[in-house]
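Right, one structure below, let's go through it.
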């Protein structure tokens, strides 16, 4: 078996129409397909994000699991302000290197916008050595 990447991310939503508008109008993702009251597909850059309307959706999981979306550092403040002004609920304050805003979508899915990359995080770990960190080069 050879995993070559992440194919897509699917998020369960409680109201497909409301979520479709949020992902298109607030987050600015590009819609590529929608099946009425069933599912919708978006592109975030070249990444495929699927929304599926699910019965019994449990909003706002207590777990830390979330989807982080990349935002260019030069546009981070504008994107964060757009989200705040849309009325999103914030679920945590940023305590990691790089600009991040943690918020909920209309169905309670945990999302983040982040101005950084795995490379910048790895460099931060190298610049701030700790006995509990092992880096694989």
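The values are calculated or read from the model by the stated rules, or taken from the named source; none is laboratory data. What you see is a predicted model, and the numbers here were worked out from it, not measured in a lab. Backbone-built Cβ (ideal geometry, glycine too); neighbour counts: all protein chains shown.
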Could you check the stretch 33-137 for strands (runs of 3 or more DSSP E) lying wholly inside it with 3 or more residues that are free of Cβ contacts under 8 Å to residues at least 24 places away in the same chain and loosely packed, with under 12 Cβ neighbours inside 10 Å? none
Residue by residue through the stretch 1-29, note down the ones that are loosely packed, with under 12 Cβ neighbours inside 10 Å and assigned to a strand (DSSP E or B). 8
Cβ-Cβ below 6 Å, separation at least six or inter-chain, first residue in the stretch 4-29 and on the phi < 0 side of the Ramachandran plot, second in a helix (DSSP H, G or I): which pairs? 13/19; 26/86; 29/23
Of the residues in the stretch 83-99, those that are in contact with a helix residue (DSSP H, G or I) (Cβ under 9 Å, 6 or more places away or on another chain) and at pLDDT 95 or above come to 83, 86, 88, 90
